[in-house]
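Reading through the structure tokens given below for one structure.
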Amino acid sequence: MTHTAAAPKSSFMESLDDTRISVKWQAILLGLILASCFAVRLWTIGAPAVDRTAWKEIDYIYISQNYWKHGFQFLYPEIGWPAEPPRYTAMELPLAPYLAACLYAVRGFDAFSVRFVPLVAYLITTFYVFLLARREVGAPVGLLAALVAAVLPLHHYFGRFLQSEPLVLATSVMCLYHFVRWHDTGGRRHWLTAWAGFSLAISLKLTPLYLVLPLAHAAVRHDGRSAKAACSVAIFVGASLLLPLAWYGWAHHLAHAYLDIFGIFGGKAGGHDKFQTFTMLSSLDWHYTIAARVYRLLGGTAGVALALIGMITAARARIGGLFWSYLAAIVLYTIIVAEGHLDAPYRQLTLVPPTSVFLAIGAVRIASWLAAMVRGLWPHTHPNSVWPGSLFLPAACLILIIPVVHYPRIFRAPQKPCHRGEWQFAQTIRRQCNPGSKLITVGEYTIHKGGNDLSPVLYYYAGLPGWTLQRGQWDTGLVEELIRRGATHLAATHLGREPEALPFIEEMGSTYRVLYERKGRLLIQLPPTVTPRCATRVVPAEES
């Protein structure tokens, strides 16, 4: 194991010398951590049930199901809720839904097949966090950091869902580890593995470009502030951009020829301004929301305290420089993509690898204080006897406080729908419709600066396709055209959110049969009656 260059060995670091734990025990303990993580994830893989999951996973489930049903055409990711073509959409590299679709072909569609890909991705992340932390700080911290990396995503709301983020985490940490090892050994294998990891990471999401900062840190640490360091990073990044450029070029074609529901190019039908840096940073609500999410991700007061103690300890001992640069890059990413972090809580999962190391260091620091107390009470205790029984085990127990405190979040009732209001409305729609019905929805999107994000939730819960009307489309003529194309019902939600839509909804209610109206939601049967009904006043959600 090679420690960070020029890191002075304090008494604290001496207590974590790798000679205190053999390679055999490292393998055994890491195996136990990975096996435990696998068991817990397998136990909770069906929570929530896949038929009532959240908006983010619904998008990926639609795409994976269409791969499975329509011939595994990787270059053509296809959403499932539009009532008619086009359904192909531009998006980041659809590796996660494609792999899930391959599992459907083997064992059918169920919670295991949907969420096995993120399960494996988190195991890979845990493994590489251990390797990277062992290389940078030492095996004891590496093992504890792996335990933290296995625990933290378990109680995150998006920590089990099928999406690209778990694969991004895995490929990011893999890239950093092998890039550092390439500087250690010069081996071509490490360079190629790091290149594959970085290429996949920024193909799955453009945002892992922030890894350039820790990559530059590793190069400068090895070669100094020299042209050689700059060239090694520039060549590596340039080579890693080949796959992303090829994919995003193809995605640009899909966006213009078909749809851009995910808004990666601004989008004709979706997407919004995910930056809004100065607007968000000037809002106290933004800071409070992000801080609250990080607080929950780290495991509440216990986790935050361990992380802070670990940061102070690392700064004083001058260790973990790579993880400082990794954390700084994520903070910079959070600041720049400010609205994106507010809108999408799963983006905070990027904090897991670097903060896992600081949490581990904090746990070891507290455990070392406990060991010092033991030696104070029994002065004749040999220093080596505090490892691992009096140091590693208390540190691990400190870390395991996090899942114990968040027990209800880990074992959430699987039958509880992620979007309760939409679920209840969807059950009403199911009772009033038949399998061949098609919906026109109004209000089934979230409004952002720069555009709207179309929501698949109501379509997925109801099991029906349809068309989404947005601002500027409140037109009875358009509704009549959609009726001719097969629309059978109009489902309106969030009626009080857009007052300008109320006259249109009232006209619909006076012309067609109202089947349901409650709490800002309205269901209308579209085939017109012979004689228009009396005008129906639509009650906004605020008045209901």
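Since every read-out is calculated from the coordinates, none of them should be taken as a lab result. Owing to the predicted nature of the structure, the values given are computational and were not obtained by experimental measurement. Cβ sites come from the backbone with ideal geometry, for glycine too, and all protein chains shown count toward neighbours.
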**Request:** Enumerate the calculated ³J(HN,Hα) couplings along the stretch 205-218 in order (Karplus 6.51 cos²θ - 1.76 cosθ + 1.60, θ = phi - 60°), each rounded to whole Hz, writing x wherever the residue is Gly or Pro.
**Result:** 8, 5, 4, x, 4, 4, 5, 4, 5, x, 5, 5, 4, 5
**Item:** In Hz, Karplus ³J(HN,Hα) per residue of the stretch 455-472 (6.51, -1.76, 1.60; θ = phi - 60°; x = Gly, Pro)
**Value:** 9, x, 4, 5, 4, 5, 5, 7, x, 10, x, x, 10, 10, 8, 10, 3, x
**Prompt:** So what's the net charge close to Gln65: Lys and Arg +1, Asp and Glu -1, counting the other residues with Cβ under 13 Å from its Cβ?
**Reply:** -3
**Complete:** The whole-number value in µm²/s of the Stokes-Einstein translational diffusion coefficient for the stretch 218-320, with Rh from the Kirkwood sum over alpha carbon pairs at 25 °C and 0.890 mPa s, is 132 µm²/s
**Fill in**
Projected convex hull area of the stretch 14-173, Cα atoms, direction-averaged, in nm², equals 10.5 nm²
**Item:** Virtual paramagnetic centre 7 Å along Cα→Cβ of Glu500, amide N under 19 Å, in the stretch 442-482
**Value:** 442-454, 468-479
**Fill in**
With Gln163 itself left out, Lys, Arg at +1 and Asp, Glu at -1 over residues whose Cβ is under 12 Å from its Cβ give +1
**Message:** Need one number: convex hull volume per residue for the chain, Cα atoms only, in Å³.
**Reply:** 164 Å³
**Prompt:** What is the Cα centroid distance between the stretch 36-61 and the stretch 183-214, reported in whole angstrom?
**Reply:** 28 Å
**Request:** Note down the Stokes-Einstein diffusion coefficient of the stretch 420-525 in µm²/s, whole number, using a Kirkwood radius over alpha carbon pairs, 10 °C, and 1.306 mPa s.
**Result:** 115 µm²/s
**Asked** Cβ under 14 Å from Ile33's Cβ, Ile33 left aside: what net charge do those residues give with Lys, Arg +1 and Asp, Glu -1?
**Response** +2
**Prompt:** Between Phe112 and Tyr516, what length comes free when the chain is fully extended (0.36 nm per residue of separation minus the Cα-Cα distance, one decimal in nm)?
**Reply:** 141.8 nm
**Item:** Difference of contour (0.36 nm per residue) and Cα-Cα distance, Leu370 to Thr279
**Value:** 28.1 nm
